[in-house]
Amino acid sequence: MKTYLVGGCVRDALLGRSVQDRDWVVVGATAEHMLAQGYKQVGKDFPVFLHPLSKEEYALARTERKTAPGYSGFSFHAAADVTLEQDLARRDLTINAMAQTADGEIIDPFHGQDDLRERVLRHVSPAFSEDPVRILRVARFAARYAELGFHLAPETLTLMRAMVHNGEVAALVIERVWQETSRALAEKSPAIFFEVLRECGALKVIFPELDALFGVPQPVEYHPEIDTGVHTLMVLQQAARLSTDSSVRFAALLHDLGKGITPQEEWPHHNGHEVKGVPLVDALCKRLNVPGGYRDLACMVAEYHLHYHCIKELRPGTILDTLQALDAFRRPQRFEAFLLACEADARGRPGYENRELEQPRWFRRYFETAAAIKPGDLPEGLSGPAIGEALRVKRLECIAAIRAEKS
C-alpha cells in the first residue's frame, strides 16, 4: 500500500497558492484493507475513505470506462493492481494529473509541470470527451487562473467544441451545472467562465438566455461597448470587483436578459426590457434549481435596475413603491445587495469603471430617511390599515422633502 497526494493540492502548491484541502490516492490496497486499518468508507460509486485521524479523503486508485451518456454514465474499476499512472490518466487536465510522494517527489507522467509554467489548460487524453462536466470545470479553472495568464490549449478547445456538437452537453445533470456555475461565480474573474462556454458553444445549450444577448446592440450614447452580451460580462466583472457575494454577481449577470427578446426592428432600443426580463430570469433559475435567495435578488435587479439609474428623476411615490417592492425596510441587507448589482451595471461600460456615482448615495438617503419613520412616530389611536397608510404618508413627506432639496 502506497499513498500519494494528488490533484488540486499538488497543482496549487506548485503555483505557490494556499492549499485548502488535500486529497490522497492509495495504490496497492483493497477496500477490505482500508477498513481493517480503521478508515471509514464514504464513497458510494467508488471506494473513498476518511483517514481515522486526519479525516482527509483517501481514494483507491481506479480506472473508469464510459457506459452511457452524461456525467453518471461510467463504470469504475478499483483494485490493488491499478497503477498510479492509470489513475492519473483518467483525470481532466494535465495540471490536475500530478502526484506527490511523502518525500516531496513530483510524479508527472503527462507533463503538468510544463503546462503550469506555460500557463496552459490542456486535457490529459481523448477520454476527456466522455464527461461533459469537464467543459464546466475547464471554464471554471480558466476563471480561477485568468489572473495568472492561463489559457486553453487549442486542441482542448477543439475537443470541447466537438463535445458540444455531439450533444454530450445536453446530458449534463442540472445539479452539476449549478454547482460548477456557483463555484465559478465565486472566482476572481467569473466572466471568463461564460466566455469559455460561449467560445466552445456550450453557452447556447446551457444558458441560451445569456447567449441570445450577444450581437444585440444598445444605444451607443449609453453603451459605448454597444453589444449587450459584452456589456453583460463587463457588468459581471464589475460585480466581482465590488462584492464577493455570489448572489450579487449572479443578479448582475442576469439583469439584462429582457434585451435578448427585443424585436430587431426596435434595436438598439429596448423599451420595457426590465419587466420582460423577469420571467426569463425566473425560468432560468427554475431550470437550474437555483437557490431562492439568488433568484429573488436577480428578479428584483432585472425589474428595478432602471429605477436605480433614474433615482434622481423618480417621483416620491415611485421611490417609496420601489423600496417596498424590494422589501428594503424588512431586508436592508438585500437592499444593499441590490445597490451593488446596480452599481456594477452602471460601471460595466468602457470609461465608466471608476466614475463617481450619485445614485447609491441618493438611494441610500431616501431609504434611511424613510426607514427612520416608525409606527411609534405616528399619532395615537390609529389601528389596522390606518397605521400602514399613515406610515406611508409620513415616509412620502420625508422623501418629498429630500427631492425638494436637490431640485
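Points worth noting:
- Gly293 being closer than 17 Å to Leu339 by Cβ, touching a helix residue (DSSP H, G or I) at 6+ places or on another chain (Cβ under 8 Å) and not hydrophobic (A, V, I, L, M, F, W, C): yes
- Filter pass, Pro208 being touching a residue at least 24 places away in the same chain (Cβ under 8 Å) and surrounded by fewer than 20 Cβ atoms within 10 Å (Cβ to Cβ): no
- Hey, Leu339 surrounded by 12 or more Cβ atoms within 10 Å (Cβ to Cβ) and without any contact (Cβ under 8 Å) to a residue 60 or more places away in the chain or not: yes
- Flag if Ala344 is more than 24 Å from Arg395 (Cα to Cα) and of a type in the set (A, V, I, L, M): yes
- Boolean, Ala186 is touching a residue at least 12 places away in the same chain (Cβ under 8 Å), closer than 24 Å to Arg91 by Cβ and more than 21 Å from the chain's Cα centre (by Cα): no
- Lone qualifier among Thr83, Thr158 - being out of contact with any Gly (no Cβ under 7 Å at 6 or more places or on another chain) and more than 28 Å from Leu236 (Cα to Cα): Thr83
- Single residue of the stretch 307-331 satisfying the filter (surrounded by 15 or more Cβ atoms within 10 Å (Cβ to Cβ) and farther than 21 Å from Ala404 by Cα) that is nearest to the chain's Cα centre (by Cα): Leu326
A quick yes/no check of all residues on (1) part of a helix (DSSP H, G or I); (2) at pLDDT 95 or above; (3) within 39 Å of the chain's Cα centre (by Cα):
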residue	(1), (2), (3)
Phe338	yes, yes, yes
Glu343	yes, yes, yes
Glu356	no, no, yes
Ile373	no, no, yes
Gly376	yes, no, no
Pro379	no, no, no
Ile387	yes, no, no
Ala390	yes, no, no
Arg395	yes, no, yes
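- Test set (1) more than 19 Å from the chain's Cα centre (by Cα); (2) surrounded by fewer than 18 Cβ atoms within 10 Å (Cβ to Cβ); (3) within 27 Å of Glu147 (Cα to Cα) - Pro219 fails condition number: (3)
- Gln238 vs. criteria modelled with pLDDT of 95 or more, under 24 Å from Phe193 (Cβ atoms) and not small (Gly, Ala, Ser): yes
- Residue pairs whose Cβ atoms lie under 7 Å apart, separated by 6 or more positions or on different chains, with the first residue in the stretch 143-166 and touching a residue at least 12 places away in the same chain (Cβ under 8 Å) and the second of a type in the set (S, T, N, Q), are Ala143/Ser189; Ala146/Ser189; Glu147/Ser189; Leu159/Ser129; Ala162/Ser129; Met163/Ser129.
- Restricting the stretch 258-273 to residues that are more than 18 Å from Pro208 (Cα to Cα) and free of Cβ contacts under 8 Å to residues at least 40 places away in the same chain, the residue that is surrounded by the fewest Cβ atoms within 10 Å (Cβ to Cβ) is Glu265.
The values are calculated or read from the model by the stated rules, or taken from the named source; none is laboratory data. Fair warning: this is a prediction, and the values are worked out from it, not measured in the lab. Heads up, the Cβs are rebuilt from the backbone with ideal geometry, glycines too, and the neighbour counts pull from every protein chain shown.
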